[in-house]
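These notes concern the structure reproduced below.
The values are calculated or read from the model by the stated rules, or taken from the named source; none is laboratory data. Quick caveat, the model's predicted, so the values are computed rather than measured. Cβ placement follows ideal geometry from the backbone for every residue including glycine, while neighbour counts extend to all protein chains displayed. Side chains are part of the model used for accessible areas, which takes the heavy atoms of the whole protein and leaves out ligands, DNA and RNA. Shrake-Rupley method; radii C 1.70, N 1.55, O 1.52, S 1.80 Å.
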Amino acid sequence: MSEPGIQETSEVSDSWQQVVQAVLGVVLVAGAVAMFHYYSPVAPQMPQPDELHKQVQQLSQEVAQLEQQQAMPALVLNRYRNSIGYIYGIYQVGFPNEPATIRARVSGTGFLVGDGLLATNRHVAEPWYGDAEAEALIQKGARGTLESLVVFFPGSPTPVSLTPGAVSATSDLGVLKIEDRAALRGIAILPLANGPASPGELVTVIGYPMGIAGMVAKSPNGIYQRMAYRHNDITAVSELAALSLIRPSTTCGHLGDVVGEKLIYDAPTAHGGSGGPVFNSNAEVIGVNSAYIDGFSGGTLGVSVLALRPLIEAAGGK
């Protein structure tokens, strides 16, 4: 039988332990809640219905724009292929009453920009332009002349003769005339952009890089084997035209910079692609392909279409 004092002490001790345990339990629960709120990620505030609708619309527009950009190269090639021709010619530089000092071939690309007007580079319209040897002779009194200059359009078996139109005094641009307007029936005039180009936008370049050699390389095996070494022969390009193998190529890239009238982009090109149109993502021509820098993939150069408009007017266009 226990003594009364000892029993009361035991009951007090048990009660105190229960109080302490309860306090510790509350502290532990409070600490756990605090740790959970500290380490758990903050739940983002859900946007309101109107805001969510706007975000969905913006995302849909961005996806549609991306799909349009991806489809643009095929669209412009299919729509405007027949308006972009392969230019071939023979020129000479020499002094009056003497045999020509220089006699050479020229090839490039041109595209229809008006009624009977073909845009290209000045160094295609006047092949001695920019040639150090030819210009040194011209400074001594020699003259550069074209023996012949023709353009082959896709789908046409025969070439069309070209005559001088207008050339730029400050940039590598030229406009040639096509006297046989009947040969242009059904060929679309390319749309020119009204405003300046913006760096970063997608560009598509269409032309004839590598000239005849490039078109022969793309031809069926039998034709390729027969014509593989006829790279500079007018009869070779005439045969390609008769077989409907005058087909331009397309390359894509982005406009890296715009410096005055000069466009810099990374769509690759090569000799023969000079004078081809440079399209933006709205299928408008923003420039004329002009040159490329060897060893630098972002160093393809073009001239803004804004500098082309005065030449079209000077050549008799609107």
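I'd like the carbon and sulfur percentage of the solvent accessible area for the range 212-257, probe radius 1.4 Å, heavy atoms only, ligands and nucleic acids excluded. The nonpolar share, carbon plus sulfur, comes to 52 percent. Once you have a ≥ b ≥ c as the square roots of the Cα gyration tensor eigenvalues for the range 261-304, tell me rounded if a/c is under 1.5, and otherwise prolate or oblate according to whether a/b is larger than b/c. In terms of gyration-tensor shape, prolate.
For K54 and L243, a Förster radius of 51 Å and the Cβ-Cβ distance give a FRET efficiency of 0.40, rounded to the nearest 0.05.
Please report the spacing between the Cα centers of the range 157-197 and the range 106-120 in Å, no decimals. After rounding, the separation between the Cα centres reads 3 Å. Residue by residue, the range 166-173 carries 3J(HN,Hα) couplings of 8, 10, 7, 8, 10, 9, 7, 10 Hz when phi is fed to the Karplus relation 6.51 cos²θ - 1.76 cosθ + 1.60 (θ = phi - 60°); x denotes Gly or Pro. Counting other Cβ atoms within 10 Å, keep those with at most 15, restrict to DSSP loop, and tell me which trypsin sites (Lys or Arg not before Pro) in the range 110-144 are left. Listed in order of number, the matching sites are K140.
Fully extending the segment from R226 to I293 would add 20.8 nm, taking 0.36 nm per residue of separation and subtracting the current Cα-Cα distance. Taking the square roots of five times each eigenvalue of the Cα gyration tensor of the range 229-286, the equivalent ellipsoid has semi-axes of 30, 13, 9 Å, listed largest first. Shown here for the range 273-315: chymotrypsin sites (Phe, Trp or Tyr not before Pro) in loop regions (DSSP other than H, G, I, E, B) with at most 11 other Cβ atoms within 10 Å, namely F296.
Taking Cβ atoms as reference points and 14 Å as the exclusive limit, the residues near P127 contribute a net charge of -2, counting Lys and Arg as +1 and Asp and Glu as -1.
Think of each Lys and Arg Cβ as +1 and each Asp and Glu Cβ as -1; about the Cα centre, that makes the dipole of the range 201-315 roughly 420 debye. For the pair T158 and I234, label points projected 7 Å from Cα toward Cβ lie 1.5 nm apart. Each residue of the range 248-259 was assigned a 3J(HN,Hα) from its phi angle through the Karplus curve 6.51 cos²θ - 1.76 cosθ + 1.60 (θ = phi - 60°); the sequence is x, 10, 10, 10, 10, x, 10, 6, x, 6, 10, 10 Hz, with glycine and proline shown as x.
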